Amino acid sequence: MIERLDIHSAGIPVLCRACEARHRGVCGALDPDQLVALSKTSSRHHVTSGAELIGDTETVDGFSNILSGVVKLTKTLSDGREQIVGLQFAPDFVGRPFREESALTAQAATDVSLCSFPRATIEGMLKRSPGLEHRLLEQTLRELDEARDWMVTLGRKTAGEKVASFLILIATYIDPEFDPRSGSAVFDLPLTRAEIADFLGLTIETVSRQLTKLKADKVIEIENNRRITVEDIERLRFRAGI
């Protein structure tokens, strides 16, 4: 388990004390009084896989911290085609403050647990809390770096390296408490074969073939077509060209 910072819990709302967003997400920048104020307007809720959180060009009324699960971000082209452009995991912040409309569609790729709050509350806190603004900037820059890395994956890596890179991405982020030093991982794929193919710019047949090859080479085990077991993360990283 990843070692957490020892954050004093006096004055912290009960629901916030064990929350990943407070320990590692944007809420970690808030003091107890700010957390209390935020908790008065926030709500926790669960959405099922496939549910849309916010649509492309929809008016943004609120934002959310992901507490568990995976959210996929898609961009819709003028002819109606969609492209998966990113994935978000706990404790990522869903939404972009100070924008009237969403530029992407955010959809639950798995069952997702969220802590949501009104747009006005967050934007007001951003004006009063440089720490919160800094946390959001850090997340934005991290996502930019990840997008650039993913451009390399899509533009230069082989089909086998792309699929292995995708599995590394999921293994690393799907469990908020995953420790890369453990050397192994077990997780359920949050996307279908068709969605993985879309995300990687491959065909469904190619994705299935590469997964079968990784299984045959005993780099991964596949159970029920979705559950992946990786006994040696370094072997998978090597196949990803990392």
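For the range 74-91, which residues satisfy the criterion of being assigned to a loop (DSSP other than H, G, I, E, B) and surrounded by 13 or more Cβ atoms within 10 Å (Cβ to Cβ)? The answer is 90, 91.
Among the strands (runs of 3 or more DSSP E) confined to the range 28-73, the ones with at least 1 residues that are open to solvent by 60 Å² or more (accessible area, probe 1.4 Å) and not basic (Lys, Arg) are located at 43-47, 52-54.
Under the condition of being out of contact with any Gly (no Cβ under 7 Å at 6 or more places or on another chain), farther than 24 Å from residue 110 by Cα and surrounded by 13 or more Cβ atoms within 10 Å (Cβ to Cβ), the residues counted in the range 154-170 number 2. Just name the residue that is nearest to residue 29 (Cα to Cα) out of those in the range 95-126 that are charged (D, E, K, R) and surrounded by 12 or more Cβ atoms within 10 Å (Cβ to Cβ). Within the range 95-126, the match that is nearest to residue 29 (Cα to Cα) is 123.
Here is the figure for the range 184-226: residues that are free of Cβ contacts under 8 Å to residues at least 12 places away in the same chain, closer than 18 Å to residue 82 by Cα and either surrounded by 14 or more Cβ atoms within 10 Å (Cβ to Cβ) or polar (S, T, N, Q) (or both) total 4. If residue 175 meets every condition in (1) at pLDDT below 85; (2) surrounded by 20 or more Cβ atoms within 10 Å (Cβ to Cβ) apart from one, which number is that one? So the condition that residue 175 fails would be (2).
The values are calculated or read from the model by the stated rules, or taken from the named source; none is laboratory data. The structure presented is a predicted model; accordingly, all values stated were derived computationally and were not measured. Here the Cβ is made from the backbone with ideal geometry for all residues, glycine too, and neighbour counts use every protein chain on show. For accessibility, only protein heavy atoms count, side chains too; no ligands or nucleic acids. Shrake-Rupley method; radii C 1.70, N 1.55, O 1.52, S 1.80 Å.
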